[in-house]
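A quick write-up on the structure given underneath.
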Amino acid sequence: MTHKLNSTLAFCLLSASFSAYALGPRVPDPIPTVITKGIVPIGLKTVAKGFVAPVTATFAPNDRNHLFVAEQNGKIWSIQVSDDQGGAKRLFANLGGLGLNLGCFGINYDERGLFGLAFHPNYRRNGLVYTYQSRPHAGSAGDCSVSGIPDHDNVVTEWKVKKPGSNKAKIDLSSGREVLREAHPQFNHNGGELRFGPDGMLYISIGDGGNADDQGPGHSLPNGNAQDLSNLNGKILRVDPMPGSGLPGYRIPGDNPFVNTAGARGEIWAYGFRNPYKMSFDGSTGKLYVADVGQNDVEEIDSVERGGNYGWPVKEGTFAFDQNGTADGFVTADVISGFVDPIAEHDHCIPPANLVGPCPQKEGVAIVGGFVYRGKAIKNLRGLYVFGNYSTDFSTSDGRLLYLDNQNQVKEFRIDGKARLGMSVLDIGQDARGELYVLGKSGATASNIGITDPRNKSGAIRKLVPHKSSESGKGTANPKPMNTTPTGPY
Ligand SMILES: [Ca+2]
Ligand SMILES: [Ca+2]
Ligand SMILES: [Ca+2]
């Protein structure tokens, strides 16, 4: 049964409590179309390995020779990517856990740690770099349970780098200046992406506060944190970090959408997100893309505009999401309007014939956002959004490398010599040439997901390179440097 809601009613429900509305039954297979391999073939070249949990890879402005890789445990590496002899890695900083013991539930799984890394657009001159890292809340290290609320703080810190641009560049660990601090209710859904936009402002992604369904201790009633403009959870923030100032903090730009809204946090740029783990600006168009990790059914990619409400937890993808009813935790066929729907989505379920009960096969359990490809090496990938999915199941390392075709349909890459990617996907990284990398690790088992297990150093950085027999005819070697200055990426 489909309950048709017009936008006016949906708005009224939001003003009161939409969760009181009786939704229809769960849709077992929300998107019947199965993800298939597309027409774009690529090769993968391992650039560096031996990491525990590489979660972010980015570049410093105007530095084509290095990729900077952050690990969840607080280490940041500078990796040589300039030529075929590349891959040498050097410690750029070890921020450490700063009081948090990573690894929850005895399975070494955690969503806390170091996640965001962004170089200031004028890094070459001012040597400033920013991190997003979980730290103890009021001295308490957190225990991954709800016994302590908040579990931890997420802190954006500005650091000064000694000798920026040189081969000896290193973060001065005594230079940290706290920019922003968010008291995070539970251990999970931290978001954690940092990006400077084409406007020079710092954009920060923060998840809904954790737990599930945006409900429970530390979550706003009746509609969840993501719909509550009085807190920072489930939001994309936009701030001016006041680079290099001696003062702590940041400035809220006067043209942010909610600076004049009573009770709303002025830092908010867009809202209604569950766990916007990754986001990026298109280096050509300046558009902001956010990939929002879903609860149990639908993963989505959003084109994010100023002030937009992206739906969670009223919607997951284009579907109605049930917080409390008969479909608790899952999506229904009810139609709800009044929110910004994603530009693309995929679901978790690949149903067997005669599906009874939960869907046992998985398309992918958690989306990992990436970039619109603006590099030069892979010609038929230009202008397409490249992303990934963590794994087809949380207990295996079966990640997927995906892209949106020119109809915004989700497709899987054909990878030279591989039927499957063979690792969990933790990030898609980008270098100063606009070339892309997939970061991940293997070795997950049902009893040890192992993301933060220091004994498992299977983490690797693999570069997307032209398919062996692609039109470039240059094989899988690194492409020659571009002669032109890239327009971004930011
Ligand atoms: Ca499906
Ligand atoms: Ca959404
Ligand atoms: Ca619920």
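The values are calculated or read from the model by the stated rules, or taken from the named source; none is laboratory data. As the structure is a prediction and not an experimental result, all values here were calculated from the model. A quick note on method: Cβ atoms are made from the backbone with ideal geometry, for glycine too, and the neighbour counts reach across all protein chains shown. Surface areas here come from the heavy atoms of the whole protein model, side chains and all, with no ligands, DNA or RNA. Shrake-Rupley method; radii C 1.70, N 1.55, O 1.52, S 1.80 Å.
Which of the residues that make up region 324-351 are more than 16 Å from ligand 3 (Cβ to nearest atom), among the hydrophobic types (A, V, I, L, M, F, W, C) and under 19 Å from LYS362 (Cβ atoms)?
If the condition is that a residue be more than 16 Å from ligand 3 (Cβ to nearest atom), among the hydrophobic types (A, V, I, L, M, F, W, C) and under 19 Å from LYS362 (Cβ atoms), then ALA344, CYS349, ILE350 are the ones that fit.
Quick one: would you say ASP302 is at pLDDT 95 or above, near ligand 2 (Cβ under 10 Å from one of its atoms) and open to solvent by 10 Å² or more (accessible area, probe 1.4 Å)?
no
Take region 1-23 and flag every residue that is farther than 24 Å from ASP214 by Cβ and either part of a strand (DSSP E or B) or at pLDDT 90 or above (or both).
The one that is farther than 24 Å from ASP214 by Cβ and either part of a strand (DSSP E or B) or at pLDDT 90 or above (or both): LYS4.
Can you tell which of GLY357, GLY338 is open to solvent by 30 Å² or more (accessible area, probe 1.4 Å), farther than 14 Å from PRO32 by Cα and within 16 Å of ligand 1 (Cβ to nearest atom)?
It is GLY357.
Just for region 24-71: of the residues that are among the charged types (D, E, K, R) and either in a strand (DSSP E or B) or within 16 Å of ligand 3 (Cβ to nearest atom) (or both), which one is least open to solvent (accessible area, probe 1.4 Å)? Break it down into steps so the answer makes sense when it comes.
Keep residues of region 24-71 that are among the charged types (D, E, K, R), which gives 26, 29, 37, 45, 49, 63-64, 71.
With the extra rule that they be either in a strand (DSSP E or B) or within 16 Å of ligand 3 (Cβ to nearest atom) (or both), the set shrinks to 26, 37, 45, 49, 71.
Values: ARG26: 85, LYS37: 72, LYS45: 55, LYS49: 143, GLU71: 5 Å².
Ranking the qualifying residues of region 24-71, first place goes to GLU71.
Which residue is farthest from VAL365 (Cα to Cα), if the candidates are limited to region 407-421 and must be open to solvent by 10 Å² or more (accessible area, probe 1.4 Å) and under 20 Å from the mean Cα position of the chain (by Cα)?
Step one: list which residues in region 407-421 are open to solvent by 10 Å² or more (accessible area, probe 1.4 Å), which gives 407-412, 414-420.
If we keep only those that are under 20 Å from the mean Cα position of the chain (by Cα) too, we end up with 408-412.
Numbers: ASN408: 20, GLN409: 18, VAL410: 15, LYS411: 16, GLU412: 15 Å.
Filtering region 407-421 for residues that are open to solvent by 10 Å² or more (accessible area, probe 1.4 Å) and under 20 Å from the mean Cα position of the chain (by Cα), the one farthest from VAL365 (Cα to Cα) comes out as ASN408.
Residue by residue through region 178-226, note down the ones that are within 16 Å of ligand 2 (Cβ to nearest atom), among the hydrophobic types (A, V, I, L, M, F, W, C) and within 15 Å of the chain's Cα centre (by Cα).
Selection gives ILE206 alone.
What strands (runs of 3 or more DSSP E) lie completely within region 110-184 and have 3 or more residues being within 17 Å of GLU71 (Cβ to Cβ) and in contact (Cβ under 8 Å) with a residue 60 or more places away in the chain?
Details: elements: 114-119, 128-135, 152-162, 170-184.
Those strands (runs of 3 or more DSSP E) span 114-119, 128-135, 170-184.
When the residues of region 99-130 are filtered to those that are of a type in the set (Phe, Trp, Tyr) and open to solvent by 10 Å² or more (accessible area, probe 1.4 Å), which remaining residue is farthest from TYR203 (Cα to Cα)? Give the steps one after another, and end with the answer.
Filtering region 99-130 down to residues of a type in the set (Phe, Trp, Tyr) leaves 105, 109, 115, 119, 123, 130.
Of the ones still in play, those that are also open to solvent by 10 Å² or more (accessible area, probe 1.4 Å) are 105, 109, 115, 119.
Working: PHE105: 32, TYR109: 27, PHE115: 14, PHE119: 12 Å.
Looking at residues that are of a type in the set (Phe, Trp, Tyr) and open to solvent by 10 Å² or more (accessible area, probe 1.4 Å), I get PHE105.
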